[in-house]
Amino acid sequence: MSALPFLPFARPVIDDAMVAAVGETLLSRWIASGPQVAAFEKALSDYVAGRPVRSFTSATGAMEVALQLLGIGAGDEVITPAQSFFASANVIERVGARVVFVDVEPATRNVDLAAASAAVTPRTKALLPVHYNAPLDPQALAAFRARHGVRIVEDAALAIGSRAGGRPVGATGDLVSFSFHPNKNMTTIEGGALVVNDAREAAAVEKLRFHGIARLPDGTRDVEMAGGKYNLSDVSARLGLAQLARLDEWCAARGRLAMHYFACLEGDELLAPERLPPRTNPGHSWNMFTVLLPLDRIALTRRHFIDAMQREGIGVGLSYEAIHLTSHYRSRGWREGQFPVSERIGRETVTLPLFPEMTPGDVERVCETARRVLRSRPA
Ligand SMILES: *Cc1c(COP(=O)(O)O)cnc(C)c1O
(Lines give C-alpha, C1' and ligand atoms only; values in the text may rest on other atoms or scores of the structure.)
Protein backbone atom coordinates (compact mmCIF):
# COMPACT_ATOMS: atom_id res chain seq x y z
CA MET A 1 0.00 0.00 0.00
CA SER A 2 1.22 3.47 -0.85
CA ALA A 3 1.49 6.12 1.84
CA LEU A 4 0.80 8.78 -0.80
CA PRO A 5 -2.77 10.00 -1.44
CA PHE A 6 -4.72 7.96 -3.98
CA LEU A 7 -4.47 9.43 -7.47
CA PRO A 8 -7.62 8.68 -9.50
CA PHE A 9 -7.35 8.55 -13.30
CA ALA A 10 -9.89 11.36 -13.65
CA ARG A 11 -11.23 13.96 -11.24
CA PRO A 12 -13.40 17.04 -11.85
CA VAL A 13 -12.48 20.44 -10.40
CA ILE A 14 -15.12 21.50 -7.86
CA ASP A 15 -14.35 24.68 -5.92
CA ASP A 16 -16.14 26.75 -3.28
CA ALA A 17 -17.53 29.18 -5.85
CA MET A 18 -19.19 26.28 -7.68
CA VAL A 19 -20.63 24.89 -4.46
CA ALA A 20 -21.98 28.36 -3.60
CA ALA A 21 -23.48 28.82 -7.07
CA VAL A 22 -25.19 25.42 -6.94
CA GLY A 23 -26.39 26.20 -3.40
CA GLU A 24 -27.95 29.46 -4.57
CA THR A 25 -29.78 27.64 -7.34
CA LEU A 26 -31.09 25.04 -4.89
CA LEU A 27 -32.25 27.76 -2.50
CA SER A 28 -34.03 29.58 -5.34
CA ARG A 29 -36.39 26.55 -5.39
CA TRP A 30 -36.33 26.62 -9.19
CA ILE A 31 -34.28 23.48 -9.61
CA ALA A 32 -35.56 21.65 -12.72
CA SER A 33 -35.14 23.16 -16.23
CA GLY A 34 -35.48 26.94 -16.13
CA PRO A 35 -33.39 30.12 -16.26
CA GLN A 36 -30.05 28.40 -15.55
CA VAL A 37 -30.58 25.96 -18.41
CA ALA A 38 -31.32 28.88 -20.73
CA ALA A 39 -28.20 30.71 -19.53
CA PHE A 40 -26.04 27.60 -19.86
CA GLU A 41 -27.26 26.95 -23.40
CA LYS A 42 -26.54 30.59 -24.30
CA ALA A 43 -23.01 30.32 -22.87
CA LEU A 44 -22.39 27.05 -24.74
CA SER A 45 -23.67 28.66 -27.92
CA ASP A 46 -21.28 31.60 -27.43
CA TYR A 47 -18.46 29.07 -26.98
CA VAL A 48 -19.21 27.45 -30.36
CA ALA A 49 -19.38 30.66 -32.41
CA GLY A 50 -23.09 31.31 -31.91
CA ARG A 51 -24.47 28.01 -33.23
CA PRO A 52 -27.66 26.86 -31.43
CA VAL A 53 -27.00 24.45 -28.53
CA ARG A 54 -29.46 22.45 -26.44
CA SER A 55 -28.54 20.69 -23.19
CA PHE A 56 -29.36 17.12 -22.20
CA THR A 57 -29.09 14.75 -19.27
CA SER A 58 -26.27 12.93 -21.11
CA ALA A 59 -24.34 12.82 -24.36
CA THR A 60 -25.99 9.46 -24.98
CA GLY A 61 -29.41 11.17 -24.87
CA ALA A 62 -28.12 13.99 -27.08
CA MET A 63 -26.86 11.57 -29.75
CA GLU A 64 -30.06 9.52 -29.66
CA VAL A 65 -32.08 12.69 -30.24
CA ALA A 66 -29.65 13.79 -32.98
CA LEU A 67 -30.37 10.58 -34.89
CA GLN A 68 -34.12 11.00 -34.34
CA LEU A 69 -33.87 14.57 -35.59
CA LEU A 70 -32.36 13.21 -38.81
CA GLY A 71 -35.26 10.76 -39.14
CA ILE A 72 -32.92 7.79 -38.90
CA GLY A 73 -34.57 4.47 -38.04
CA ALA A 74 -35.38 0.98 -39.29
CA GLY A 75 -33.68 0.08 -42.56
CA ASP A 76 -31.03 2.80 -42.24
CA GLU A 77 -27.31 2.35 -41.64
CA VAL A 78 -24.99 4.57 -39.63
CA ILE A 79 -21.21 4.18 -39.84
CA THR A 80 -19.22 4.49 -36.60
CA PRO A 81 -15.80 3.38 -35.32
CA ALA A 82 -15.44 0.02 -33.53
CA GLN A 83 -13.12 1.71 -30.99
CA SER A 84 -15.09 4.20 -28.83
CA PHE A 85 -17.30 4.22 -25.77
CA PHE A 86 -20.27 1.86 -26.27
CA ALA A 87 -22.78 4.72 -26.42
CA SER A 88 -21.61 5.75 -29.90
CA ALA A 89 -22.92 2.47 -31.31
CA ASN A 90 -25.78 1.83 -28.90
CA VAL A 91 -27.63 5.03 -29.84
CA ILE A 92 -27.76 3.84 -33.46
CA GLU A 93 -29.46 0.61 -32.43
CA ARG A 94 -31.75 2.44 -30.02
CA VAL A 95 -33.33 4.38 -32.90
CA GLY A 96 -33.76 1.10 -34.81
CA ALA A 97 -30.99 1.59 -37.37
CA ARG A 98 -28.08 -0.74 -38.16
CA VAL A 99 -24.56 -0.08 -36.84
CA VAL A 100 -21.86 -0.38 -39.50
CA PHE A 101 -18.50 -0.53 -37.77
CA VAL A 102 -15.23 0.58 -39.34
CA ASP A 103 -11.70 0.60 -37.95
CA VAL A 104 -9.76 3.54 -36.50
CA GLU A 105 -6.33 5.00 -37.21
CA PRO A 106 -3.68 3.74 -34.78
CA ALA A 107 -2.26 7.01 -33.43
CA THR A 108 -5.28 9.32 -33.24
CA ARG A 109 -7.76 6.47 -32.69
CA ASN A 110 -10.12 8.51 -34.88
CA VAL A 111 -12.25 6.85 -37.55
CA ASP A 112 -10.44 5.74 -40.69
CA LEU A 113 -12.30 7.87 -43.23
CA ALA A 114 -11.13 5.76 -46.19
CA ALA A 115 -12.65 2.70 -44.51
CA ALA A 116 -15.80 4.72 -43.77
CA SER A 117 -16.06 5.74 -47.43
CA ALA A 118 -15.74 2.11 -48.48
CA ALA A 119 -18.54 1.16 -46.05
CA VAL A 120 -21.11 3.58 -47.53
CA THR A 121 -24.13 1.89 -49.12
CA PRO A 122 -27.41 3.28 -50.48
CA ARG A 123 -28.84 2.73 -46.96
CA THR A 124 -26.19 4.86 -45.23
CA LYS A 125 -27.82 7.89 -43.63
CA ALA A 126 -25.07 9.20 -41.37
CA LEU A 127 -21.50 8.97 -40.15
CA LEU A 128 -21.01 9.08 -36.37
CA PRO A 129 -17.27 9.76 -35.86
CA VAL A 130 -15.63 10.26 -32.47
CA HIS A 131 -13.08 12.88 -31.41
CA TYR A 132 -10.71 10.51 -29.59
CA ASN A 133 -6.96 11.06 -29.22
CA ALA A 134 -6.94 14.08 -31.56
CA PRO A 135 -9.56 16.50 -32.90
CA LEU A 136 -11.33 15.33 -36.07
CA ASP A 137 -10.45 17.34 -39.18
CA PRO A 138 -13.46 19.54 -40.06
CA GLN A 139 -12.47 19.78 -43.73
CA ALA A 140 -12.20 16.01 -44.07
CA LEU A 141 -15.65 15.61 -42.46
CA ALA A 142 -17.16 18.26 -44.74
CA ALA A 143 -15.63 16.51 -47.77
CA PHE A 144 -17.06 13.16 -46.63
CA ARG A 145 -20.49 14.69 -46.23
CA ALA A 146 -20.39 16.34 -49.64
CA ARG A 147 -19.07 13.24 -51.38
CA HIS A 148 -21.54 10.76 -49.90
CA GLY A 149 -24.56 12.98 -49.21
CA VAL A 150 -24.87 11.79 -45.59
CA ARG A 151 -25.33 13.69 -42.34
CA ILE A 152 -22.65 13.73 -39.67
CA VAL A 153 -23.16 13.43 -35.91
CA GLU A 154 -19.81 14.17 -34.24
CA ASP A 155 -19.39 12.40 -30.91
CA ALA A 156 -17.34 15.08 -29.14
CA ALA A 157 -17.98 13.66 -25.65
CA LEU A 158 -14.25 13.82 -24.95
CA ALA A 159 -13.59 17.00 -26.86
CA ILE A 160 -15.31 20.06 -25.46
CA GLY A 161 -12.45 22.55 -25.29
CA SER A 162 -10.59 21.02 -28.25
CA ARG A 163 -9.92 23.18 -31.31
CA ALA A 164 -9.75 22.06 -34.90
CA GLY A 165 -8.58 24.23 -37.76
CA GLY A 166 -8.17 27.03 -35.21
CA ARG A 167 -11.84 26.94 -34.14
CA PRO A 168 -13.53 25.29 -31.16
CA VAL A 169 -14.92 21.81 -31.80
CA GLY A 170 -18.65 22.41 -32.25
CA ALA A 171 -18.16 25.73 -34.07
CA THR A 172 -17.98 23.84 -37.36
CA GLY A 173 -19.61 20.73 -38.78
CA ASP A 174 -23.13 19.35 -38.80
CA LEU A 175 -24.51 18.00 -35.48
CA VAL A 176 -22.03 17.83 -32.59
CA SER A 177 -22.62 16.31 -29.14
CA PHE A 178 -20.71 16.91 -25.91
CA SER A 179 -20.68 15.04 -22.58
CA PHE A 180 -20.48 16.61 -19.14
CA HIS A 181 -19.91 13.37 -17.22
CA PRO A 182 -17.41 13.97 -14.37
CA ASN A 183 -14.58 12.27 -16.32
CA LYS A 184 -14.86 14.71 -19.25
CA ASN A 185 -13.27 18.14 -19.62
CA MET A 186 -16.09 19.88 -17.70
CA THR A 187 -19.03 18.51 -15.77
CA THR A 188 -22.68 19.04 -14.86
CA ILE A 189 -22.51 15.80 -12.77
CA GLU A 190 -24.34 13.99 -15.57
CA GLY A 191 -25.18 15.93 -18.70
CA GLY A 192 -24.59 16.58 -22.35
CA ALA A 193 -25.32 18.99 -25.16
CA LEU A 194 -26.10 18.98 -28.86
CA VAL A 195 -24.98 21.67 -31.30
CA VAL A 196 -27.44 22.03 -34.20
CA ASN A 197 -27.55 24.05 -37.42
CA ASP A 198 -30.54 26.38 -37.08
CA ALA A 199 -33.62 27.40 -35.11
CA ARG A 200 -35.80 24.82 -36.83
CA GLU A 201 -33.54 21.98 -35.73
CA ALA A 202 -33.30 23.46 -32.23
CA ALA A 203 -37.10 23.55 -31.92
CA ALA A 204 -37.38 19.95 -33.13
CA VAL A 205 -34.70 18.87 -30.66
CA GLU A 206 -36.58 20.58 -27.81
CA LYS A 207 -39.63 18.47 -28.60
CA LEU A 208 -37.68 15.22 -28.92
CA ARG A 209 -36.02 16.07 -25.60
CA PHE A 210 -39.27 16.67 -23.72
CA HIS A 211 -42.19 14.32 -24.46
CA GLY A 212 -42.83 15.66 -27.97
CA ILE A 213 -44.84 18.46 -26.39
CA ALA A 214 -45.94 21.56 -28.31
CA ARG A 215 -47.93 24.33 -26.64
CA LEU A 216 -51.21 25.33 -28.26
CA PRO A 217 -52.63 28.89 -28.31
CA ASP A 218 -55.49 27.90 -25.93
CA GLY A 219 -52.96 26.97 -23.23
CA THR A 220 -53.26 23.21 -23.64
CA ARG A 221 -50.52 20.91 -24.87
CA ASP A 222 -50.28 18.77 -27.93
CA VAL A 223 -47.99 15.77 -28.43
CA GLU A 224 -46.47 15.84 -31.90
CA MET A 225 -44.22 12.80 -31.52
CA ALA A 226 -43.41 10.25 -28.82
CA GLY A 227 -40.57 12.29 -27.36
CA GLY A 228 -38.26 11.23 -24.57
CA LYS A 229 -37.23 13.04 -21.39
CA TYR A 230 -33.69 14.30 -21.46
CA ASN A 231 -33.89 17.86 -20.08
CA LEU A 232 -31.08 19.06 -17.81
CA SER A 233 -31.83 20.47 -14.34
CA ASP A 234 -31.11 24.07 -13.38
CA VAL A 235 -28.86 22.78 -10.59
CA SER A 236 -26.70 20.95 -13.11
CA ALA A 237 -26.80 23.86 -15.55
CA ARG A 238 -25.58 26.27 -12.87
CA LEU A 239 -22.61 23.99 -12.22
CA GLY A 240 -22.05 23.81 -15.98
CA LEU A 241 -21.95 27.60 -16.25
CA ALA A 242 -19.28 27.83 -13.56
CA GLN A 243 -17.33 24.99 -15.18
CA LEU A 244 -17.49 26.39 -18.71
CA ALA A 245 -15.95 29.65 -17.48
CA ARG A 246 -12.81 27.69 -16.59
CA LEU A 247 -12.75 25.14 -19.41
CA ASP A 248 -9.95 26.73 -21.45
CA GLU A 249 -7.74 27.12 -18.38
CA TRP A 250 -8.24 23.43 -17.54
CA CYS A 251 -7.54 22.25 -21.09
CA ALA A 252 -4.30 24.24 -21.04
CA ALA A 253 -3.34 22.53 -17.77
CA ARG A 254 -4.17 19.14 -19.31
CA GLY A 255 -1.92 19.96 -22.26
CA ARG A 256 1.00 20.88 -19.99
CA LEU A 257 0.59 17.67 -17.98
CA ALA A 258 0.41 15.60 -21.19
CA MET A 259 3.68 17.15 -22.38
CA HIS A 260 5.20 16.27 -19.02
CA TYR A 261 4.10 12.65 -19.53
CA PHE A 262 5.94 12.58 -22.87
CA ALA A 263 9.05 14.04 -21.26
CA CYS A 264 8.95 11.54 -18.39
CA LEU A 265 8.37 8.51 -20.64
CA GLU A 266 10.91 9.54 -23.26
CA GLY A 267 13.41 6.78 -24.04
CA ASP A 268 11.51 4.03 -22.20
CA GLU A 269 11.81 1.08 -24.57
CA LEU A 270 8.63 -0.53 -23.20
CA LEU A 271 6.56 2.59 -23.88
CA ALA A 272 7.83 3.69 -27.27
CA PRO A 273 6.15 6.69 -28.95
CA GLU A 274 3.89 4.47 -31.09
CA ARG A 275 2.30 3.24 -27.82
CA LEU A 276 1.45 6.81 -26.75
CA PRO A 277 -0.99 9.38 -28.15
CA PRO A 278 0.31 11.72 -30.88
CA ARG A 279 2.74 14.12 -29.17
CA THR A 280 2.30 16.85 -31.77
CA ASN A 281 -1.42 17.34 -31.52
CA PRO A 282 -2.61 20.90 -32.22
CA GLY A 283 -5.88 21.88 -30.59
CA HIS A 284 -6.28 18.64 -28.61
CA SER A 285 -7.88 19.11 -25.16
CA TRP A 286 -6.17 16.02 -23.68
CA ASN A 287 -9.12 14.46 -21.90
CA MET A 288 -7.08 11.27 -21.52
CA PHE A 289 -3.52 10.06 -21.67
CA THR A 290 -3.81 6.57 -23.15
CA VAL A 291 -1.01 4.03 -23.38
CA LEU A 292 -0.81 0.67 -25.19
CA LEU A 293 0.84 -1.89 -22.90
CA PRO A 294 3.56 -4.09 -24.48
CA LEU A 295 1.82 -7.27 -23.29
CA ASP A 296 4.04 -9.57 -25.38
CA ARG A 297 7.19 -8.18 -23.72
CA ILE A 298 6.19 -8.11 -20.04
CA ALA A 299 5.36 -10.74 -17.43
CA LEU A 300 2.02 -9.15 -16.56
CA THR A 301 -1.46 -9.18 -17.99
CA ARG A 302 -3.30 -5.86 -18.24
CA ARG A 303 -5.34 -6.90 -15.23
CA HIS A 304 -2.11 -7.43 -13.24
CA PHE A 305 -0.85 -4.00 -14.33
CA ILE A 306 -4.04 -2.20 -13.33
CA ASP A 307 -4.19 -4.00 -9.96
CA ALA A 308 -0.50 -3.35 -9.21
CA MET A 309 -0.90 0.36 -10.00
CA GLN A 310 -3.98 0.44 -7.79
CA ARG A 311 -1.96 -1.07 -4.92
CA GLU A 312 0.55 1.76 -5.44
CA GLY A 313 -2.28 4.26 -5.06
CA ILE A 314 -2.73 5.08 -8.74
CA GLY A 315 -6.02 4.69 -10.59
CA VAL A 316 -5.86 3.39 -14.16
CA GLY A 317 -8.77 3.54 -16.61
CA LEU A 318 -9.62 1.39 -19.61
CA SER A 319 -10.73 3.31 -22.70
CA TYR A 320 -12.09 1.40 -24.51
CA GLU A 321 -12.97 -2.21 -25.30
CA ALA A 322 -13.60 -2.91 -29.00
CA ILE A 323 -17.36 -2.43 -29.28
CA HIS A 324 -17.97 -5.02 -32.01
CA LEU A 325 -16.60 -7.80 -29.74
CA THR A 326 -19.13 -7.23 -26.92
CA SER A 327 -21.91 -9.84 -26.66
CA HIS A 328 -24.60 -7.68 -28.15
CA TYR A 329 -22.68 -6.80 -31.29
CA ARG A 330 -21.36 -10.35 -31.67
CA SER A 331 -25.03 -11.38 -31.70
CA ARG A 332 -25.39 -9.06 -34.69
CA GLY A 333 -22.66 -11.01 -36.50
CA TRP A 334 -19.52 -8.96 -35.80
CA ARG A 335 -16.37 -11.01 -35.19
CA GLU A 336 -12.69 -10.94 -34.21
CA GLY A 337 -10.31 -10.02 -36.99
CA GLN A 338 -12.58 -7.48 -38.67
CA PHE A 339 -10.99 -4.37 -37.14
CA PRO A 340 -7.40 -5.15 -36.13
CA VAL A 341 -6.50 -1.66 -34.89
CA SER A 342 -9.60 -1.34 -32.71
CA GLU A 343 -9.03 -4.85 -31.38
CA ARG A 344 -5.40 -4.20 -30.54
CA ILE A 345 -6.34 -0.99 -28.70
CA GLY A 346 -9.11 -2.89 -26.93
CA ARG A 347 -6.58 -5.49 -25.72
CA GLU A 348 -3.65 -3.24 -24.77
CA THR A 349 -4.98 0.17 -23.77
CA VAL A 350 -4.87 1.72 -20.32
CA THR A 351 -5.56 5.33 -19.32
CA LEU A 352 -3.13 7.01 -16.96
CA PRO A 353 -4.26 9.74 -14.55
CA LEU A 354 -4.78 13.15 -16.14
CA PHE A 355 -6.87 15.94 -14.66
CA PRO A 356 -6.30 19.68 -14.28
CA GLU A 357 -5.40 19.69 -10.58
CA MET A 358 -2.60 17.13 -10.95
CA THR A 359 0.92 18.40 -10.39
CA PRO A 360 4.03 17.66 -12.46
CA GLY A 361 5.15 15.63 -9.41
CA ASP A 362 2.04 13.46 -9.74
CA VAL A 363 2.92 12.75 -13.39
CA GLU A 364 6.45 11.79 -12.34
CA ARG A 365 5.04 9.47 -9.69
CA VAL A 366 2.77 7.76 -12.25
CA CYS A 367 5.61 7.32 -14.75
CA GLU A 368 8.11 6.04 -12.19
CA THR A 369 5.53 3.58 -10.82
CA ALA A 370 4.40 2.45 -14.28
CA ARG A 371 7.99 1.81 -15.41
CA ARG A 372 8.67 -0.24 -12.26
CA VAL A 373 5.39 -2.19 -12.42
CA LEU A 374 5.92 -3.00 -16.12
CA ARG A 375 9.21 -4.67 -15.20
CA SER A 376 7.76 -6.65 -12.27
CA ARG A 377 6.29 -10.15 -11.96
CA PRO A 378 2.64 -10.81 -11.02
CA ALA A 379 2.08 -10.35 -7.26
C1 LIG B 1 -18.34 9.49 -22.21
C2 LIG B 1 -18.62 9.19 -23.61
C3 LIG B 1 -19.93 9.09 -24.10
C4 LIG B 1 -21.14 9.09 -23.20
O5 LIG B 1 -21.35 10.28 -22.52
P6 LIG B 1 -22.56 10.36 -21.45
O7 LIG B 1 -22.70 11.81 -21.15
O8 LIG B 1 -22.12 9.56 -20.27
O9 LIG B 1 -23.76 9.80 -22.10
C10 LIG B 1 -20.11 8.90 -25.45
N11 LIG B 1 -19.07 8.81 -26.29
C12 LIG B 1 -17.79 8.89 -25.87
C13 LIG B 1 -16.68 8.79 -26.85
C14 LIG B 1 -17.53 9.06 -24.51
O15 LIG B 1 -16.26 9.10 -24.09
inquiry  = ARG297 - would you say it is in a loop (DSSP other than H, G, I, E, B) and surrounded by fewer than 21 Cβ atoms within 10 Å (Cβ to Cβ)?
reply    = yes
task = Kindly list the number of the only condition in (1) touching a Ser or Thr at 6+ places or on another chain (Cβ under 7 Å); (2) within 16 Å of the ligand (Cβ to nearest atom); (3) of a type outside the set (Ser, Thr, Tyr) that fails for VAL65.
result = (1)
key: Failed item in (1) open to solvent by less than 50 Å² (accessible area, probe 1.4 Å); (2) among the hydrophobic types (A, V, I, L, M, F, W, C); (3) over 12 Å from ALA193 (Cα atoms), with PHE6 passing the rest   = (1)
remark   = A careful count of residues in the range 181-207 that are under 13 Å from ARG54 (Cβ atoms) and in a loop (DSSP other than H, G, I, E, B) gives 4
ask   = Would you call LEU216 away from the ligand (no atom under 16 Å from the Cβ) and either of a type in the set (D, E, K, R) or farther than 22 Å from GLY75 by Cα (or both)?
value = yes
task = Return the total of residues in the range 154-195 being touching an Asp or Glu at 6+ places or on another chain (Cβ under 8 Å) and modelled with pLDDT under 95.
result = 1
task = Determine whether VAL102 is out of contact with any Gly (no Cβ under 6 Å at 6 or more places or on another chain) and open to solvent by less than 30 Å² (accessible area, probe 1.4 Å).
result = yes
inquiry  = When the residues of the range 142-163 are narrowed to those that are within 16 Å of the ligand (Cβ to nearest atom) and hydrophobic (A, V, I, L, M, F, W, C), which ends up farthest from SER179 (Cα to Cα)?
reply    = ILE152
ask   = Tally time: how many residues in the range 79-98 are assigned to a strand (DSSP E or B), buried (at least 19 other Cβ atoms within 10 Å of the Cβ) and more than 14 Å from the ligand (Cβ to nearest atom)?
value = 1
ask   = Taking the stated definitions as given, is GLU321 open to solvent by 40 Å² or more (accessible area, probe 1.4 Å) and within 16 Å of the ligand (Cβ to nearest atom)?
value = yes
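Here is a yes/no grid of residues against (1) open to solvent by 30 Å² or more (accessible area, probe 1.4 Å); (2) more than 16 Å from the ligand (Cβ to nearest atom); (3) over 30 Å from GLU64 (Cβ atoms); (4) out of contact with any strand residue (DSSP E or B) (no Cβ under 9 Å at 6 or more places or on another chain):
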{"site": "THR220", "(1), (2), (3), (4)": "yes, yes, no, yes"}
{"site": "GLU224", "(1), (2), (3), (4)": "yes, yes, no, no"}
{"site": "LYS229", "(1), (2), (3), (4)": "yes, no, no, no"}
{"site": "ARG238", "(1), (2), (3), (4)": "yes, yes, no, yes"}
{"site": "ASP248", "(1), (2), (3), (4)": "yes, yes, no, yes"}
{"site": "TYR261", "(1), (2), (3), (4)": "no, yes, yes, no"}
task = Pick out, from the range 210-292, the strands (runs of 3 or more DSSP E) lying fully within it that include 2 or more residues that are closer than 30 Å to ARG375 by Cα.
result = 289-292
ask   = Would the range 328-346 turn up any residue that is crowded, with 20+ Cβ neighbours inside 10 Å, within 17 Å of PHE262 (Cα to Cα), within 16 Å of the ligand (Cβ to nearest atom) and within 23 Å of the chain's Cα centre (by Cα)?
value = no
task = Return only the number of the condition from (1) in contact with a helix residue (DSSP H, G or I) (Cβ under 6 Å, 6 or more places away or on another chain); (2) within 11 Å of the ligand (Cβ to nearest atom); (3) assigned to a loop (DSSP other than H, G, I, E, B) that SER177 does not satisfy.
result = (3)
query = Looking at the range 132-162, which of its residues are in a loop (DSSP other than H, G, I, E, B), within 25 Å of THR121 (Cβ to Cβ) and within 11 Å of the chain's Cα centre (by Cα)?
reply = TYR132
request  = May I ask you to list the residues in the range 1-48 that are among the polar types (S, T, N, Q) and outside any loop (DSSP other than H, G, I, E, B)?
outcome  = THR25, GLN36, SER45
task = Mind counting the residues in the range 180-200 that are open to solvent by 10 Å² or more (accessible area, probe 1.4 Å) and not basic (Lys, Arg)?
result = 8
ask   = How many residues does the range 196-233 hold that are over 30 Å from LEU247 (Cα atoms), in contact with an Asp or Glu (Cβ under 9 Å, 6 or more places away or on another chain) and among the aliphatic types (A, V, I, L, M)?
value = 3
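The values are calculated or read from the model by the stated rules, or taken from the named source; none is laboratory data. Being a predicted model, the structure only gives us computed values, none of them experimental. Glycine also receives a Cβ, built like all others from the backbone with ideal geometry; neighbour counts cover every protein chain displayed. These area figures cover heavy atoms from the full protein model, side chains too; ligands, DNA and RNA do not enter into them. Shrake-Rupley method; radii C 1.70, N 1.55, O 1.52, S 1.80 Å.
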